[in-house]
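Right, one structure below, let's go through it.
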Amino acid sequence: MQDSRIHRQYPFDEIEPKWQRYWEENKIYQTDLSKSGNKLYCLMMFIYPSGDKMHIGHWYNYGITDSWARFKRMLGYNVFEPMGYDAFGLPAENYALKFGVHPAISTQNNIDYIRNQLRGIGAMFDWSKEISTTDAKFYKWTQWLFLKLFAKGLAYRKMAPVNWCPSCQTVLANEQVIDGRCERCDSEVTHRDLTQWFFKITEYADRLLAGHKKLDWPSKTISMQKNWIGRSDGCEIVFTEVSTGQDIPVFTTRADTVFGVTYIVLAPEHPLVHRITASSNIKAVRDYIEKARKQSEIERTSTVKEKTGVPTGAYAQNPINGENIPIWIADYVLLGYGTGAVMAVPGHDQRDFEFAKKFNLPVREVIIPAGGKSPDMLEAAYADEGIMVNSGDYSGLSSTDGQKKIAEHLKSIGRGEARVNYRLRDWLISRQRYWGVPIPIIRCHRCGEIAVPDDQLPILLPETTDFKPAGDGRSPLAKIPEFVNADCPKCGGPAERETETMDTFVDSTWYHLRFLDPDYENGPFNPSLAKKWMPVDRYVGGSEHAVTHLMFARFINMFLYDNGYVNFEEPYPILRHQGIITHHGAKMSKSHGNVVIPDDYIKIYGSDTFRAYLMFMGDYEEGGDWDDTGINGIHRFLGRVWRLIEPNCPDLAEKKFPLFIKDELEDADKELYIQLNRTIKKVREDLDAQKYNTAIASIMELVNSLYKNIEAGNQSPIFYHSIGDLILLLAPITPHLSEELYHIAGFEGSIFDAQYPDYDKDAIVGDNITMVIQINGKLRASIEVKPGIGQDEFEKIAFDYEGVRKYISGKSIIKKIFIKDRLLNIVVR
RNA sequence: GCGAGAGUGGCGGAAUUGGCAGACGCGCCGGACUUAGGAUCCGGUCCCUCACGGGGUGGGGGUUCGAGUCCCCCCUUUCGCACCA
């Protein structure tokens with residue numbers, strides 16, 4: 001950015017603060033929530049003030065979504081557009097630690113800074129509804145929510161192998177581990193066995209899937225949730241360990257291949273391994289488990305590495321055919337999925353096949369392609385469905401029938417049944433960190449885990465200077481005796497508070513409800529306003545939240561629905577994502593050092609230019625690479641608009657324009673009038689469809705035409721009428737500039753209380769259209785004709801045309817294709 | 001590896017869904033106005049060719065009167081998933 005070369009095109013630095021003040025003072029964007037007619041709750045994912053300032057990505061969401069909402073407002077919607085701060089959490093705390101500032105203070109400073117940046121957008125944020133999740137009057141109700149879940153058994157503690165981030169020194173939810181790394185700090189995640197709090201989201205797995213049908217969401221986001229939930233319909237089959245009689249249940253989606261089972265594989269951590277391993281195999285098994293434990297998740301789940309494993313020396317009996325088969329352990333079987341054990345069918349599963357090849361285990365063919373030839377069993381597994389063979393009485397059945405029959409049989413003998421399995425795990429919500437919402441539970445030696453009574457909420461996060469993570473797996477709160485020691489609410493005896501805090505994603509499961517009335521004291525949200533204003537009508541934010549925030553919020557909302565707190569199942573029926581703005585080809589991040597802060601651009605070009613440039617860059621849902629070389633062009637365009645209108649249009653408001661009738665207009669006026677109406681149509685359609693770039697392009701064309709009219713000395717009523725519409729058309733895109741021009745033109749009140757221009761349907765069609773003549777598909781001529789011209793009439797004109805005749809003379813006409821109002825293609829030979 | 005997008009001038013990107021490829025803007029070139037231009041206004045700008053013409057939407061094939069758009073194969077790229085039994 002070279003500001004010495006930039007010419008200030010219009011006094012945006014005076015205009016923008018002026019109108020921001022006007023909007024604020026006149027409460028233009030304070031929505032009257034008592035009225036819900038034509039309501040439009042336009043929600044943008046609130047900001048996470050982690051220590052970073054607001055960057056271009058935020059601006060891209062907030063500024064452009066605001067333009068969309070302004071457009072809707074001018075169409076008559078009663079728009080509610082709130083903003084707040086998701087201010088608890090690791091990055092905020094890490095930032096505080098790094099700079100030695102208490103997180104409460106650093107967070108407040110960041111919020112103050114970011115609030116200013118947000119105000120600089122000039123969006124329609126209703127600041128009277130601002131919230132912060134760190135505010136006790138907010139998190140009191142996050143605790144309330146926890147207790148409601150706890151009361152229903154949906155918040156519980158269990159010992160489990162969990163993800164541990166050694167750098168953040170806390171556990172993480174599965175959803176926060178990306179490719180084996182911490183979502184926030186990118187450290188490689190390790191595993192620990194810890195007792196942790198979970199929310200039972202798995203109970204809602206099918207509901208979450210079923211709800212997808214009701215959602216107007218990007219299909220990609222829905223499919224990400226589907227994959228994450230990972231519903232799999234199959235069958236549990238219980239094998240029996242021969243010497244101990246232990247049951248070994250396995251989960252399979254291919255019960256029809258059960259006659260092809262030639263061994264069983266347990267995950268190395270499977271609890272049965274120690275009990276069943278033969279004495280001769282103990283050492284090898286121990287060594288293998290040790291090795292597997294040492295591996296990182298990344299190594300462990302790598303699909304490229306060769307299969308490894310060791311036999312346990314134990315055998316299992318197949319409940320269907322009574323056969324005894326060896327039991328192995330191998331790290332390609334995961335403890336966390338299904339039963340942690342699989343029946344291996346090397347003939348029909350590629351992974352089992354590779355394993356069997358390596359360890360010389362038998363491969364048996366029990367499925368053949370329907371009507372086809374058996375594939376070569378030495379090459380690869382045949383994993384598709386087909387017809388069962390070598391399967392006793394079941395031979396000849398299709399895979400589908402076989403699966404059903406085998407499940408039924410297993411059930412009748414008590415050795416299994418049809419079963420649904422999910423990849424989704426319960427949501428781990430406790431964190432061993434200071435900067436979060438304290439979990440409102442008291443642990444009493446006599447009474448166990450007791451909910452803090454509602455009237456004792458909020459449990460305030462204690463002030464302390466020692467908020468560093470201890471590194472021992474305990475929360476910093478555990479070091480504060482005044483906090484820890486409490487009376488048991490049940491027996492009154494001495495007890496201890498839970499010292500862990502909640503995942504920040506809990507805060508954002510319900511914040512959309514709080515916005516309606518942030519000061520409401522009788523519950524988490526004002527129920528009568530929620531009845532009027534929920535669900536959110538349009539939700540906009542990043543797609544990176546597909547399987548975190550967006551899934552968690554749906555789950556919690558379903559819970560609130562089930563318990564009668566809200567009357568809708570889906571909080572965000574309509575969702576859109578803004579594209580990602582990269583810089584030098586990479587996602588903006590501190591570690592890449594490529595974060596672009598909008599502040600300098602706002603200073604040099606103004607907020608309107610910056611907003612319009614982001615809109616003009618390209619497809620909104622695609623995003624793109626940040627490159628400021630074009631921003632001057634937009635700034636110049638706004639300067640052109642300014643110079644077109646500012647000197648030319650005082651008392652525009654007083655001019656009374658007649659209802660124009662297209663055919664009564666002079667040629668130049670008619671042309672302009674048609675263009676104006678086409679522009680209005682296009683802009684309305686494009687803004688609605690978030691095609692902001694082409695909306696702006698067509699407004700540019702209109703401005704270019706208006707300049708041509710000035711040059712031609714045509715400043716007729718149509719010209720001024722067009723100028724008036726131009727100001728309105730631009731309003732959602734350049735709110736400050738348009739408000740200023742609106743007032744220069746003599747209008748009163750805010751332009752955002754005006755109606756968006758609508759078009760005259762009769763003025764969309766021109767007197768003449770250009771039709772094209774092709775010879776053998778090649779363009780040879782274009783002719784102006786009346787719209788709706790018939791084929792015969794057009795051919796007469798076409799064949800008379802010199803440019804056409806020279807191509808067809810002496811040739812024979814084979815075919816003529818006529819497309820009304822478009823073209824005539826003459827095929828000659 | 002699997003799945004879903006995307007690939008168009010020097011650049012960002014348009015193209016009413018099978019019908020004038022390159023709208024609009026950046027950049028560049030030229031002109032006007034100017035003491036000046038890094039302001040403004042006007043014009044030009046896909047490639048080859050002096051021209052007539054011809055070629056052209058990642059590559060190859062196909063369907064069609066006609067393909068950026070539809071079909072098949074390949075390449076590149078972005079995103080998502082990735083031993084899920």
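The values are calculated or read from the model by the stated rules, or taken from the named source; none is laboratory data. Given the structure is predicted, the values throughout are model-derived calculations rather than measurements. No Cβ is skipped: glycine too gets one built from the backbone with ideal geometry, and neighbour counts run over all protein chains shown. Accessible surface is based on the protein model in full, side chains and every heavy atom, while ligands, DNA and RNA are left aside. Shrake-Rupley method; radii C 1.70, N 1.55, O 1.52, S 1.80 Å.
Computed from the C-beta positions of A:LYS468 and A:ASN522, the FRET efficiency with R₀ = 51 Å rounds to 0.85. Karplus-based coupling profile of region A:165-171, in residue order and whole Hz: 9, x, 7, 7, 6, 7, 7, with θ = phi - 60° in 6.51 cos²θ - 1.76 cosθ + 1.60 and x standing for Gly or Pro.
Quick one: with all protein chains in place, what share of the accessible area of chain A is carbon or sulfur, to the nearest percent (1.4 Å probe)?
The value for chain A is 48 percent carbon and sulfur by accessible area.
The value given for region A:769-828 is a Kirkwood hydrodynamic radius of 11.3 Å, derived from the mean inverse Cα-Cα separation. What region A:519-593 shows is 39 Å² of accessible area per residue, with the surface traced by a 1.4 Å probe over protein heavy atoms. Dividing the C-alpha radius of gyration of region A:473-594 by 2.2 N^0.38 Å, with N its residue count, gives 1.45. One chain, two ends: A:THR301 and A:ASP667. Fully extended at 0.36 nm per residue, the span grows by 124.6 nm beyond their Cα-Cα distance.
One decimal place: the segment A:TYR707-A:ASP135 gains 200.6 nm when fully extended, by the rule 0.36 nm per residue minus the C-alpha distance.
Legend: distances between Cα atoms for A:LYS662/A:LYS786; A:LYS220/A:LYS691; A:LYS18/A:LYS603; A:LYS778/A:LYS811; A:LYS72/A:LYS603; A:LYS72/A:LYS761; pairs beyond 23 Å are A:LYS72/A:LYS603. For region A:186-195, the Karplus equation 6.51 cos²θ - 1.76 cosθ + 1.60, evaluated at θ = phi - 60°, returns couplings of 6, 6, 6, 7, 10, 10, 9, 9, 9, 8 Hz by residue, with Gly and Pro reported as x.
In the full protein context, region A:232-421 carries 48 Å² of accessible surface per residue, based on a 1.4 Å probe and ignoring ligands, DNA and RNA.
Cross-link partners for A:LYS490 among the lysines, with Cα-Cα distance under 30 Å and sequence neighbours closer than 8 places in the same chain left out: A:LYS137, A:LYS140, A:LYS148, A:LYS152, A:LYS158, A:LYS200, A:LYS479. Normalised by 2.2 N^0.38 Å, where N is the number of residues, the alpha-carbon radius of gyration of region A:232-421 equals 1.00.
Restricting attention to region A:232-421, lysine pairs at least eight places apart or on different chains and with alpha-carbon atoms under 20 angstrom apart total 12.
Rolling a 1.4 Å sphere over the protein heavy atoms, what is the accessible area per residue of region A:769-828, to the nearest Å²?
It amounts to 63 Å² per residue over region A:769-828.
Taking amide H atoms as placed 1.01 Å from N in the peptide plane, the amide H of A:TYR263 lies under 5 Å from those of A:ALA344, each 5 or more residues away in sequence or on another chain. Two numbers describe the Cα atoms of region A:648-763: Rg and Dmax, which are 13.6, 37 Å.
Around the amide H of A:ILE248, modelled in the peptide plane, lie the amide H atoms of A:PHE239, A:THR240, A:GLU241, all under 5 Å away and 5 or more residues distant in sequence or on another chain. Approximating the spin labels as points 7 Å out from Cα along Cα→Cβ, the A:LYS158-to-A:LYS213 distance works out to 2.9 nm.
For a paramagnetic label modelled on A:ASP179 (point 7 Å from Cα along Cα→Cβ), amide N atoms under 20 Å away belong, within region A:522-555, to A:543-548. Amide H to amide H, with H built 1.01 Å from N, A:ILE581 comes under 5 Å of A:GLY624, counting only residues 5 or more places away or on other chains. Ignoring lysines fewer than eight residues from A:LYS531 along the same chain, the ones with Cα atoms less than 20 angstrom from its Cα are A:LYS35, A:LYS39, A:LYS129, A:LYS214. Just need the relative contact order of chain A here, percent rounded to a whole number, with Cα pairs under 8 Å and 6+ apart. Averaging sequence separation for qualifying contacts and normalising by length gives 14 percent for chain A. Shown in residue order for region A:29-41 are the 3J(HN,Hα) couplings computed by the Karplus curve 6.51 cos²θ - 1.76 cosθ + 1.60 at θ = phi - 60°: 9, 7, 7, 7, 7, 6, 9, 10, x, 6, 6, 9, 8 Hz (x for Gly and Pro).
A helix-only calculation puts chain A at -10500 deg cm²/dmol for mean residue ellipticity at 222 nm, using -39500 (n - 2.57) for each DSSP H run of at least four residues, averaged over all residues.
Seen from every direction in turn and averaged, the convex hull around the alpha carbons of chain A projects onto 47.8 nm². Figure legend: label point modelled 7 angstrom from the Cα of A:ASN390 along Cα→Cβ; residues of region A:311-343 with amide N under 20 Å from it are A:316-328, A:343.
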